[in-house]
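Novice: Here you go, one structure.
Bear in mind that the values in this text are calculations on the coordinates, not laboratory data. As the structure is a prediction and not an experimental result, all values here were calculated from the model. For neighbour counting, all protein chains shown are included, and Cβ atoms are generated from backbone atoms with ideal geometry for every residue, glycine included.
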Amino acid sequence: MFYQVNLASTRLAVSGMNCSNCARHVTEALQSVPGVAAAEVSLGEGRAAVKWKADGAGRLGDLLAAVKAAGYEAQPLAEEAEAHQHSDAGWRRSVILGVACTAPLMVGEWAFGLGMTRWFQWVAFGLALPVQVISGARFYRGAWRQLKTGGSNMDTLVALGSTAAFGYSVWALLAGQAGHSYFMEAAAIITLISVGHWMEARASVQAEKSLRALFALAPPTARRKNPDGSETEIPVAQVRAGEVLVLRPGDRAAADGKVQEGAGSFDEAMLTGESLPVEKAPGAEIYAGTINRNGHVLVTVTATGETTAMARIIAAVQRAQNSRADIQRLADRVSNVFVPIVVTVALAAGLWWALAPQAAARAHTALEHFLWMAPIPSSALIAAVAVLVVACPCAMGLATPIAIMAGANAGARRGILIRDGAALEKAGKLTCIVFDKTGTLTVGRPEVAEAKSLGEDARPLAAALARGSSHPLSQAIAKLSPETRPWQNWREIAGGGVEAQLDGVTMRLGSLTWLRAAGVEISGEGTVGLAVGSRLAGLFTLRDALKPGAADVVAQFRRQGLKVRMITGDQRAAALVIAAQLGLQPEEVSAGVRPEEKAGLVRQLQEQGERVAFVGDGINDAPALEQADLGVAVSRASDVAGEAADLVLLQSDIQAIPEAIALARATLRTIKQNLFWAFFYNAAAVPLAALGFLSPILCAATMGLSDLVVIGNALRLMRARQRVHPVLLPD
């Protein structure tokens, strides 16, 4: 009987997953269930977390049925039962047992030549049996689950290959048949492939540990300030929004919040990558997990638990790790038919060596001149087993997810969040970079460079009119004078400016285009104009300083052969001053662009055949970020959840922009390299094994090596030289 789940998320314990490919199949099965918004599967912990859509409840039974149909088992997981269980422990035990039993067999056969000795064959049986039964159990269970669903995977090949070698040897031993037995080969197959799975599991677990270490940054307790002025230490799970927490020097923030009273210097390196402490005054935002280095601060809680910036960042990295790039579809199509093809080739090779051994031997000998000297297979069974063992669909399945995992973690260490695998492919096809000016290329704190009054001093009136607005330009003008006015009907016009009435006269302060549309005659140049009625009363020219290194960033993209454009709401004269400092030509600048018009300009470039990356500050650039082929947001940590960007930079250092795109491109390159190796390996190894050039033991070692090559190539991304601030994720 299915029953309803009314929670926002459901957690499951999943059994039967042996590799990242398995985890991906479970993820896809869960995501196919109606009502599921997202599914995240942890191979290391054997866990799955399913988030339901907000418009309705989901059915737990559907989840369990979907997992079972994919060939795995799942059951509901109570929160209190969520102990961390790393899958590498099971593989490690398999490897230890396998090595302990297989090593003596190799020494006996290879060093002392005891393989044909009867008593040693009985010893080999005794040593190979526990490997087959205990270490091989995971492969047999996985193969059986797949068989029940009509599918097949890597477990199927391992189970067939090792069982064929072991079963034949047992029959020959009990029947008293003379000749070589294959107990060593059967044990070595399971042991060597277990080593590959163990290394893969270690890589996955290490990545999960890095994310889990972020959770540990939040303290277990918090110091709450009570209404009567006293302080109470409470568990962090009891902290609620609206409460006031006390942060003394050395304390970690237990939740997101705003400084209510006091001032302090906060270390935010773990969250944004900024190496220097950030000064916090009343009204400043505080993030969970950051450290108060000095000062006594009272913080009003605004977010706790999964709603904190830290939790959203972790969720973004996890989402990237579990995402799939379109390039993976080719590997998926091949993997779906891979095992049946390999089994067919193995049967064909076995029949060829059994029914036409002389022809097979002639082909083998002829190819030795072009390849290498190799002994002819001792039996048709060995040729078939070699084919089954050497084939490696895992390498194809691992190629994309292991690279995305490594790239996402490497980016997070540098304050760069990669949204999903699709972002990597977009980064590899760019032809044009479009920058929003304010807050991206510039520091975002404009100052009045020139104030021109047309009649009486316009500065006090303009300052009073601007004071109610939070727009950076308005705030700069508001600093010109402390005076106020008794305004009536004050309001702010998005993309235009502010207006109000004073003594029955309408006053306006805003862009010259907006004033001109309101009937004001404009004479002269400036960034912002002040109008009294229909008369222009003042012109103000504002300047925003470039961020250090902005011109170098533009030059870097040019050297890469990319076109660079700048979009700004400033008047053209002011925009060209900034453009000249950046090395941009006038035709590469679009000025006077309203926020809602940015997406349209991006669309125009796309219609001209450009692959566009839009870089904005994430405040009012969401439409342009969404429209661009690749959206890059220079964002505050608290804005991560709502960004429309593909890449999110959690620091203001503009040098992180080319690094973020370079990292995405490097990750895509790694995916392509891994896929090439996986396809090349299987295309070469399977026919070589069928022709007798690879023994079963060598095949097992080669198969394990193919996984390690893919994993090692991907992990290079995590060891790449870091060029921006240190780390978001702990080592």
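Novice: Figure the gain on full extension for K53 and Q488 (residue separation times 0.36 nm, minus the Cα-Cα span) and round it to one decimal in nm. Walk me through the intermediate numbers first.
Specialist: Values: separation 435, 0.36 × 435 = 156.60 nm, distance 4.53 nm.
That pair, K53 and Q488, stretches by 152.1 nm at full extension.
Novice: Further question: Quote the relative contact order of region 423-555 in percent (integer), defining contacts as alpha-carbon pairs under 8 Å separated by 6+ residues. Mind dumping the intermediate values first?
Specialist: Details: 235 pairs, mean separation 35.1, N = 133.
Relative contact order here is 26 percent.
Novice: Right, here's the next one. Below 8 Å, C-alpha to C-alpha, sequence gap of six or more: please give me the relative contact order for region 515-568 in percent. Working shown, then result.
Specialist: Details: 46 pairs, mean separation 11.5, N = 54.
Taking the mean separation of contacting Cα pairs over the length of region 515-568, I get 21 percent.
Novice: In what sequence, highest mean first, do 527-538, 367-378 appear when ranked by Cβ atoms within 10 angstrom?
Specialist: Numbers: 527-538: 21.9, 367-378: 13.0.
Put in order of decreasing packing, that is 527-538, 367-378.
Novice: Counting other C-beta atoms within 10 Å, and keeping those with at most 11, which DSSP coil GluC sites (Glu not before Pro) do you find in region 400-469?
Specialist: Numbers: sites: E425, E447, E450, E456; in loops: E456.
Here the GluC sites (Glu not before Pro) that fit, given the DSSP loop and packing criteria, are E456.
Novice: Another question, then. Amide H to amide H, which residues 5 or more places from A284 or on other chains are under 5 Å from it, using H placed in the peptide plane?
Specialist: Here V259 satisfy the definition.
Novice: Now for a different question. Just grab the label-to-label distance for D457 and T307, each label 7 Å out from Cα along the Cβ direction, in nm (one decimal).
Specialist: 4.7 nm
Novice: Quick one: compute the contact order of region 334-383, relative version, from alpha carbon pairs under 8 angstrom and 6+ residues apart, as a percent.
Specialist: On the way: 20 pairs, mean separation 23.6, N = 50.
The value is 47 percent.
Novice: I would also like to ask the following. Relative to a virtual label point 7 Å from the Cα of E447 in the Cα→beta-carbon direction, which members of region 514-530 show backbone nitrogen distances below 19 Å?
Specialist: It comes to 527-528, nothing else.
Novice: Let me ask something additional. If you stretched the chain out fully between F679 and V123, how much longer would it get, using 0.36 nm times the residue separation minus the C-alpha to C-alpha distance? Don't jump to the answer; show the numbers that get you there.
Specialist: Details: separation 556, 0.36 × 556 = 200.16 nm, distance 3.93 nm.
Extra length available between F679 and V123 comes to 196.2 nm.
Novice: Packing-wise, with mean Cβ within 10 Å as the measure, how do 62-72, 436-446, 341-351 rank, highest first? Before the final figure, lay out the partial values.
Specialist: Working: 62-72: 19.9, 436-446: 22.3, 341-351: 18.3.
Packing proxy ranking, top to bottom: 436-446, 62-72, 341-351.
Novice: Another one. Once you put a point 7 Å from the Cα of T431 and another 7 Å from the Cα of E521, both along the Cβ direction, what distance in nm separates them?
Specialist: Using points 7 Å along Cα→Cβ, the separation is 4.8 nm.
Novice: Let me ask you something else. Within straight cross-link reach of K53, meaning Cα distance under 27 Å, which lysines are found once same-chain residues fewer than 8 apart are removed?
Specialist: Hits, sequence-local ones excluded: K68.
Novice: Further, regarding this structure: Quickly work out the V577-to-L347 label distance, labels modelled 7 Å from Cα along the C-beta direction, and quote it in nm with one decimal.
Specialist: 8.0 nm
Novice: So what J values fall out for region 93-101 if you push phi through Karplus, 6.51 cos²θ - 1.76 cosθ + 1.60 with θ = phi - 60°, rounded to Hz, Gly and Pro as x?
Specialist: Result, rounded to whole Hz: 4, 4, 5, 4, 4, x, 5, 4, 8.
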